[in-house]
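A.B. asks: Just passing along the structure, written as structure tokens.
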């Protein structure tokens, strides 16, 4: 068990009998120390007899320099010297001893206060092991580092030694362990942080609200609500040290390995026969995981589409629709990814691919089996033959105008306007269903 020993401040003060009635004014002390002794009821040297310097550590406006001066005064009184010479700092001061099992814990992953974070940043410490050999008095000399900060360090070391931050889990139990830690961490948040976070993710049978809606209910601005929610998410991520980030990495790795987004149904299968009952719904849990780690492809709702369509998304949407049409109207998400990366999208990562799937318009993702989602053509787009062509480099500016077709969200094409197609410009040509009354048209990408 790590402990801080306040040597030599823990030594009992022994004032000689001949000096116990001498007033403090006869000894040269600073105004800060004089005020501290007056507030503590010390009028003569004899009042210090039998007490310890460390007893004054918790008094107001008492720091390391004041304690060192008081210790110097006590030793001068014991030796009978009234000179105000500065006594050198003793060498047998307390120092931190960090066990090797917890030396690698990173401070940025641990639940520490802003004050302690500033102190460890000032001394250049990144892990708990960097505190090994550092004395308590050395830390007390840094700005904003007092006895409470030292107590926080001691409590942090004790929690680490007790195994609270250990990472003992497997891939199969990662989801259940993560949800257990998150619900326990929610209970440790402040009431406001917990209320705003639950309102944001729709937890405990509450509707999922936006920042503006939460602000109107609480008479706060949208920006202020967003700050509170961000702080709550950060505190929740660090409550159990590196355990929650490591578990989130396992969940993300498992999603990417099967090329499947995290849905409430998939999370339900991962939990399996876990006997623990959770207060949050599966949708709220998926939203909470998404808030903790943006890299995890989370789909709380099956039909939700996020983000705008850019050129890369539009091209992948066309290629994905072609693959689905060639496969009879549907294709597995993982098989579509293999073909796309083998042919035209070799630099496409799995995470980017799953994020783009939420913004496609020509196809829809179905989750009959949560582990094997399927990409299917939309019913109204099933009759479209989609292909890509390129105008030759020898084309001139006198080419005829092409009709620009804009497909609305429901998949019904209609001619919107006319545009001039420039030479060597990519264009997506869509063959509409056989209808002699409908012209063929080109969509510029």
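The values are calculated or read from the model by the stated rules, or taken from the named source; none is laboratory data. Note that this is a predicted model, so its numbers are computed, not measured. Cβ atoms come from the backbone with ideal geometry, glycine included; neighbour counts cover every protein chain shown.
A.B. asks: Collect the residues in region 46-57 that are outside any helix (DSSP H, G or I) and without any contact (Cβ under 8 Å) to a residue 40 or more places away in the chain, keeping them in residue-number order.
C.D. replies: Answer for region 46-57, where residues must be outside any helix (DSSP H, G or I) and without any contact (Cβ under 8 Å) to a residue 40 or more places away in the chain: 49, 50, 51.
A.B. asks: What about residue 140, is it touching a helix residue (DSSP H, G or I) at 6+ places or on another chain (Cβ under 7 Å), surrounded by 14 or more Cβ atoms within 10 Å (Cβ to Cβ) and modelled with pLDDT under 90? Walk me through how you get there before you give the answer.
C.D. replies: Numbers: touching a helix residue (DSSP H, G or I) at 6+ places or on another chain (Cβ under 7 Å): yes; surrounded by 14 or more Cβ atoms within 10 Å (Cβ to Cβ): yes; modelled with pLDDT under 90: yes.
Here the answer is yes, as residue 140 does meet what is asked.
A.B. asks: Moving on to the next point. Scan region 5-45 residue by residue and report those that are in contact (Cβ under 8 Å) with a residue 12 or more places away in the chain, in contact with a helix residue (DSSP H, G or I) (Cβ under 8 Å, 6 or more places away or on another chain) and part of a helix (DSSP H, G or I).
C.D. replies: Across region 5-45, the qualifying residues are 19, 24, 32, 33, 36, 37, 45.
A.B. asks: May I pose another question? Can you pull out every residue in region 58-78 that is farther than 17 Å from residue 20 by Cβ, without any contact (Cβ under 8 Å) to a residue 40 or more places away in the chain and in contact with a helix residue (DSSP H, G or I) (Cβ under 7 Å, 6 or more places away or on another chain)?
C.D. replies: Passing the criteria: 59, 61, 62, 66.
A.B. asks: Return yes when residue 343 is surrounded by fewer than 18 Cβ atoms within 10 Å (Cβ to Cβ), over 31 Å from the mean Cα position of the chain (by Cα) and at pLDDT 90 or above and no when it is not.
C.D. replies: Here the answer is no, as residue 343 does not meet what is asked.
A.B. asks: From the list 149, 132, which residue is free of Cβ contacts under 8 Å to residues at least 60 places away in the same chain, under 30 Å from residue 63 (Cα atoms) and buried (at least 16 other Cβ atoms within 10 Å of the Cβ)?
C.D. replies: Numbers: 132 fails: buried (at least 16 other Cβ atoms within 10 Å of the Cβ).
Testing whether each residue is free of Cβ contacts under 8 Å to residues at least 60 places away in the same chain, under 30 Å from residue 63 (Cα atoms) and buried (at least 16 other Cβ atoms within 10 Å of the Cβ) leaves just 149.
A.B. asks: So, in region 294-318, of the ones that are in contact with a helix residue (DSSP H, G or I) (Cβ under 6 Å, 6 or more places away or on another chain) and assigned to a helix (DSSP H, G or I), which residue ends up modelled with the highest pLDDT? Explain how you work it out, then say what you get.
C.D. replies: Applying the first criterion (in contact with a helix residue (DSSP H, G or I) (Cβ under 6 Å, 6 or more places away or on another chain)) to region 294-318 yields 295-298, 300, 313, 316.
Right, trim to assigned to a helix (DSSP H, G or I) and you get 313, 316.
Values: 313: 83, 316: 86.
Of everything passing the filter in region 294-318, 316 is modelled with the highest pLDDT.
A.B. asks: If residue 161 satisfies every condition in (1) surrounded by fewer than 18 Cβ atoms within 10 Å (Cβ to Cβ); (2) under 23 Å from the mean Cα position of the chain (by Cα) but one, which is the exception?
C.D. replies: Unmet for residue 161, out of (1) surrounded by fewer than 18 Cβ atoms within 10 Å (Cβ to Cβ); (2) under 23 Å from the mean Cα position of the chain (by Cα): (2).
A.B. asks: May I pose another question? Would you mind finding the one in 217, 195 that is over 22 Å from residue 283 (Cα atoms), outside the structural domain of residue 111 (by TED's automatic domain parsing) and at pLDDT 90 or above? Steps first, please.
C.D. replies: Numbers: 195 fails: over 22 Å from residue 283 (Cα atoms).
None of the others qualify; the one that does is 217.
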